[in-house]
1. Residues to consider are Ile157, Ile139, Ile130; find the one that is free of Cβ contacts under 8 Å to residues at least 40 places away in the same chain and either acidic (Asp, Glu) or surrounded by 22 or more Cβ atoms within 10 Å (Cβ to Cβ) (or both).
2. State whether one or more residues within region 360-375 are on the phi < 0 side of the Ramachandran plot, of a type in the set (S, T, N, Q) and free of Cβ contacts under 8 Å to residues at least 24 places away in the same chain.
3. In this structure, does Lys275 turn out to be crowded, with 18+ Cβ neighbours inside 10 Å and not assigned by TED's automatic domain parsing to the domain that holds Ala127?
4. Do the conditions hold for Phe91, that is, is it aromatic (Phe, Trp, Tyr), surrounded by fewer than 17 Cβ atoms within 10 Å (Cβ to Cβ) and modelled with pLDDT of 95 or more?
5. Identify, please: which residue in region 177-204 is touching an Asp or Glu at 6+ places or on another chain (Cβ under 8 Å) and among the hydroxyl-bearing types (Ser, Thr, Tyr) and is, among those, nearest to Thr227 (Cα to Cα)?
6. Give me the strands (runs of 3 or more DSSP E) completely within region 37-131, filtered to those with at least 1 residues that are in contact with a strand residue (DSSP E or B) (Cβ under 9 Å, 6 or more places away or on another chain), closer than 18 Å to Ser356 by Cβ and of a type in the set (A, V, I, L, M, F, W, C), ordered by residue number.
7. Within region 147-198, work out how many residues are in contact with a Phe, Trp or Tyr (Cβ under 6 Å, 6 or more places away or on another chain) and in a helix (DSSP H, G or I).
Amino acid sequence: MKPNALICTQTGEEYPLDEPIWQSPKGYLLDIRFRPFLDKTSTRTRPANLWRYREAIPVEKDENIVSFGEGATPMQKINIAGVDVHFKLDFLFPTGSYKDRGSAVLISKIKELGIRHVVQDSSGNAASSIAAYCAKADIACDIYVPKGISEAKLTQIRAFGANVKIIDGSREDTAQAALEAAKNSYYASHCWNPFFFQGTKTFAFEVAEQLGWKAPDVVILPAGNGTLLIGAYIGFRELMKAGITDKIPKIIGVQAANCSPLYQAYNEGLPYIPKIETLPTLAEGLAIAQPIRGKQMLQYVELTEGVFLSVSEEEIKDALLLMCSRGYFIEPTSAAVVAGVQKYVEQFWENEKIVSVLTGSGLKAVDKIAKIVNK
């Protein structure tokens, strides 16, 4: 068994880490087996970005790193329902969302593999991020987006020079169109491609370092496609295996009530993700009716003795206005997570240290926010 490999999640078959594939030959999801080196003393003299954990990231040569200096976002205490909660301010990333964590590593690896063209699909933030990093790496990209996404996000994607394909259909229709296009290209997907999670896992590294190399008791995260939730689990697991921390935090996944397949699966004790009827939601980043890594998210939440929570549209609006009143201009998807934090505090909190995240800038959704604040 090789220490580093791509692993088929269904068959267990292994492939070299430098093989330019994003799914198994049989069409299954891939995960990564990678032996990171984590040394809390080595970061002290390094620049404040996610590449300070260089030996824990599977990009072989420094010359292939594509970076805007992303990472090391501030963590601040914000009082929610009477409890001081630590929030990572990941809306301060270069393209305005935490997705830059994953894009930095994924596009660096794509550059290392010598790939010159990619396709990607997203409701906005991942697309903006992938487009920016591709622009810096001089890699051509086709971005598939659902009709009706935020005009601000669409403008940002186009400004980076991406070839935008607008799909007149659901978020799932958009993903299917990208999958079809990926048959003739490389899929830089934030859900399918396992290298993306090797970037989002740095969230866990930063949280632990900012807490004095300790893991919190609870992390409360968005649960749409699961790019941060899965990455956080991987990161905290690696920290514990390295002997740096002594536990993996309880992971809480937050969904919008209007699109909550994971919440329903968890509460009904289902081993699969049910087909659900959805309604439009302000939290467009959580509007994923059929998350491709849904079973993985269920597994990680259950392994850490966490729960899934769902929040209503009114709760999202209230959380958005609360955060704006405190000077944090975040998009509605971020506000949904804040609403989840409040629900957790009110229903489950037992004197625990909680960490959560503000995932995206309000500048991404000015049109939606204007309708709320101008009423």
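The values are calculated or read from the model by the stated rules, or taken from the named source; none is laboratory data. Note that the coordinates shown come from a computational prediction; the quantities given were computed from them, not determined experimentally. Counting neighbours? That spans all protein chains shown, and the Cβs are built from the backbone with ideal geometry, glycine included.
1. Sole residue among the options that is free of Cβ contacts under 8 Å to residues at least 40 places away in the same chain and either acidic (Asp, Glu) or surrounded by 22 or more Cβ atoms within 10 Å (Cβ to Cβ) (or both): Ile157.
2. Taking every residue of region 360-375 in turn, at least one turns out to be on the phi < 0 side of the Ramachandran plot, of a type in the set (S, T, N, Q) and free of Cβ contacts under 8 Å to residues at least 24 places away in the same chain.
3. Judged against the criteria, Lys275 is not a match.
4. In short, no.
5. Among those residues, the one meeting the criterion is Ser189.
6. Working: elements: 75-80, 83-88, 117-121.
Filter on region 37-131 gives 75-80, 83-88.
7. Selection size over region 147-198: 3.
Let's see how each residue does on (1) within 25 Å of Gln290 (Cα to Cα); (2) touching a helix residue (DSSP H, G or I) at 6+ places or on another chain (Cβ under 6 Å):
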position: Ile143; (1), (2): yes, yes
position: Asn163; (1), (2): no, no
position: Glu180; (1), (2): yes, no
position: His190; (1), (2): yes, yes
